[in-house]
1. State the Cα centre-to-centre distance between the stretch 143-199 and the stretch 9-83 in whole Å.
2. If you bin every alpha carbon distance in the stretch 64-144 into 10 Å steps from zero, what whole percent lands in each bin?
3. Ranking Glu109, Glu38, Glu121, Glu178 by Cβ neighbours within 10 Å, fewest first, what do you get?
4. Hey, fewest Cβ within 10 Å first, where do Met137, Met48, Met192, Met164 land in order?
5. By what distance, in whole Å, do the Cα atoms of the chain stretch along each of the three principal axes, largest value first?
6. How large is the helix-only mean residue ellipticity at 222 nm for the chain, computed as the sum of -39500 (n - 2.57) over DSSP H runs with n ≥ 4, divided by its residue count, in deg cm²/dmol to the nearest 500?
7. Determine the gain in length on full extension of the stretch Arg2-Arg115; use 0.36 nm per residue of separation and subtract their C-alpha separation, reporting nm with one decimal.
8. Only Lys, Arg, Asp and Glu count, each charged at its Cβ (+1, +1, -1, -1), so figure out the dipole size of the chain about its Cα centre, rounded to 20 debye.
Amino acid sequence: MRIGVLALQGDFARHARALQKCGSRPSAIEVVEIRKPEQLEDIDGLIMPGGESTTLLKLMDAWGFVPALEKFHAGGKPIFGTCAGLILTARDVANPAQFSLGLIDVGVERNAYGRQRESFEAAGTAVLDGRPVPIEMVFIRAPRIRRVGPGVETLARHGDEPVMARQGSVLVATFHPELTDDPTVHEYFCRMVKEAKRA
Ligand code: GLN
């Protein structure tokens with residue numbers, strides 16, 4: 001199984017490390033840093049990491065990533081967007097409005113925690129494959145999911161608010177699971193990729 005991490009900007013290296021940990025169990029995972037759209041053809045799933053979404057958009061545009069990502073998604077291959085990666089995959093973006101791929105029917109507000117709580121850690125519970133599991137969450141200038149469309153399943157909340165969600169082959173989180181030692185969320189995404197590959 002080959003999983004790519006979009007390596008244009010942001011904390012892609014930590015995602016690669018988290019994926020390698022999943023690979024030590026059942027079947028080995030090859031992690032590929034994706035810098036050119038053609039590379040998407042050779043992978044089974046993709047992580048879009050946190051970083052700065054405006055910068056990522058500029059780089060994606062410059063390299064012609066938008067049509068390639070649309071094709072990747074249309075082919076049913078799983079995508080996991082964390083933080084800025086979620087902002088890029090969402091249907092609507094506010095504060096300010098900006099282009100997004102619209103691969104998951106959620107509305108997000110950028111930098112939505114204000115100055116006091118720009119970055120913080122929290123423990124929470126996700127419901128994955130029907131079972132509640134504890135997860136660690138690191139929020140860094142995180143967006144908030146303000147709207148969840150009818151086809152979207154909320155997998156984790158912080159307080160009352162959704163912080164992790166899934167619609168079909170697209171998984172998103174407002175936090176950074178790659179900055180913790182907790183492999184739960186990456187393992188879940190690896191299972192999504194495995195299942196999509198088998199289908
Ligand atoms: N604040 C960033 C943005 O709006 C996202 C931050 C992150 O990815 N940690 O793009």
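1. 15
2. 16, 38, 35, 11, 0
3. The fewest-first ordering by Cβ neighbours comes to Glu38, Glu121, Glu109, Glu178.
4. Ordered from fewest to most neighbouring Cβ atoms within 10 Å, Met137, Met48, Met192, Met164 come out as Met192, Met137, Met164, Met48.
5. 41, 39, 31
6. Rounded to the nearest 500, it is -8000 deg cm²/dmol.
7. Computed gain between Arg2 and Arg115 is 36.8 nm.
8. Numbers: 25 positive and 25 negative charges, 20 e Å.
Roughly 100 debye, rounded to the nearest 20.
Here, each number is a calculation from the coordinates, and none is a lab measurement. Quick caveat, the model's predicted, so the values are computed rather than measured. Note that we place each Cβ from the backbone using ideal geometry, even for glycine, and neighbour counts take in every protein chain shown.
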